[in-house]
1. Given the residues A125, A87, which is the only one that is on the phi > 0 side of the Ramachandran plot and either under 17 Å from the mean Cα position of the chain (by Cα) or crowded, with 22+ Cβ neighbours inside 10 Å (or both)?
2. State all residues of the stretch 124-134 that are assigned to a helix (DSSP H, G or I) and either in contact with a Ser or Thr (Cβ under 9 Å, 6 or more places away or on another chain) or among the acidic types (D, E) (or both); if no residue qualifies, say none.
3. Where in the stretch 149-230 are the strands (runs of 3 or more DSSP E), entirely inside, with at least 1 residues that are of a type in the set (D, E)?
4. Quick check: is even one residue across the stretch 135-142 in a helix (DSSP H, G or I), closer than 18 Å to D119 by Cα, under 18 Å from the mean Cα position of the chain (by Cα) and among the hydrophobic types (A, V, I, L, M, F, W, C)?
5. Within the stretch 11-29, does at least one residue satisfy the condition of being part of a strand (DSSP E or B), touching a residue at least 24 places away in the same chain (Cβ under 8 Å) and under 15 Å from the mean Cα position of the chain (by Cα)?
6. Return the residue satisfying two criteria in turn: it lies in the stretch 30-65 and is part of a loop (DSSP other than H, G, I, E, B) and acidic (D, E), and of such residues it is nearest to L84 (Cα to Cα).
7. Identify the single condition in (1) within 26 Å of W33 (Cα to Cα); (2) at pLDDT 95 or above that K205 does not satisfy, given that it satisfies every other one.
8. Here are some conditions: (1) among the hydroxyl-bearing types (S, T, Y); (2) surrounded by 12 or more Cβ atoms within 10 Å (Cβ to Cβ); (3) at pLDDT below 95. S101 meets all but one. Which one does it not meet?
Amino acid sequence: MTTPIKIISKSEYLKNNEQPNQEEIWDSISELWVNYKKEPFFKVKEFLEGKKGLVIDFGCGCGRNMIKNNSLKYYGVDFSSEQLKAAEKITKEKGVNAKFSKSEADKLDKNIFKDEMFDYGLFIATLHCLETKKQRENSLKEFYRVLKKDAEALISVWNSKDERFKGLKGDIYMSWKKDGKEHMRYYYLYSKDELIDLLKKTGFKILEIYEKEENNDRFSKKNLIIKVKK
C-alpha cells in the first residue's frame, strides 16, 4: 500500500510547525530514498548516450543518474552526507568513475570546481530543492561557471502543472514518511516561463523543452526538463 504524500504550502505549514532543516531531512531519509530512486531517468540516459568527458552532477543524491560509461567521469555534488555515502557505494558497485564533494550547490570550492571545467552538466530534480531565490540563482551561476563554452546540460524541476500541485505555487513542502514520522521536503514550484527566463538570464541558450511523458517514464511526465547550452 502506498503511503499518501502530504503536499502543503510553506506558509501554511509554518503556521503550526518549525521550519524543517533540509540537510537533516535528506540525511534521515537516505536509506529509503536509495531503494526508491535506483534507476537513472530515461531523459538522462538519452542525454548521456555516446558522450565522453567530464560530467558535473549537481544534487547527485545517491548517484542514480551516473551511468556506467568508460568515456565519462562524474563529479557529484550534494549537501547530504548520507546520500553521498550511498552514492560512493552504488557507483563503486556499478564500476562508475566518480568523485564526490559535500557542498551547497551555490557555494562550490573554486579550488576543486574550476571555471569551464566540465564537458556536460546534470542539474536533475535539485534546483527546486534550494530554499531561497538567491540560492537558486547563485547555484545556476555556479553551474554555468563550471561548464565549458558550448557545453550542454540537462536541468529539471517539478512540473507545476501536475495535478498534485493544483492550487499551489511557489514554496511548498512534500512529506516522506519514515518510522511513522513525516519528513517534510522543501520544493519551489517554477512555472515554465519563470524557469526559462531564469535560465536565459543566467546565460544559457534553450535547446529543447520536455514536459510530456516519454517512453513510459513517470519522471518525464511529472517534471519539466530543459536541455540547455552554455
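1. None of the other options fit; the residue is A125.
2. L127, H128
3. Here the list reads 170-178, 181-189, 205-210.
4. Scanning the stretch 135-142 turns up at least one residue that is in a helix (DSSP H, G or I), closer than 18 Å to D119 by Cα, under 18 Å from the mean Cα position of the chain (by Cα) and among the hydrophobic types (A, V, I, L, M, F, W, C).
5. Scanning the stretch 11-29, I find no residue that is part of a strand (DSSP E or B), touching a residue at least 24 places away in the same chain (Cβ under 8 Å) and under 15 Å from the mean Cα position of the chain (by Cα), so the answer is no.
6. Filtering first and then ranking leaves E39.
7. Condition not satisfied by K205: (1).
8. Answer for S101: the failing condition is (3).
The values are calculated or read from the model by the stated rules, or taken from the named source; none is laboratory data. For clarity, every value in this text was computed on a predicted model and none was experimentally measured. Cβ atoms come from the backbone with ideal geometry, glycine included; neighbour counts cover every protein chain shown.
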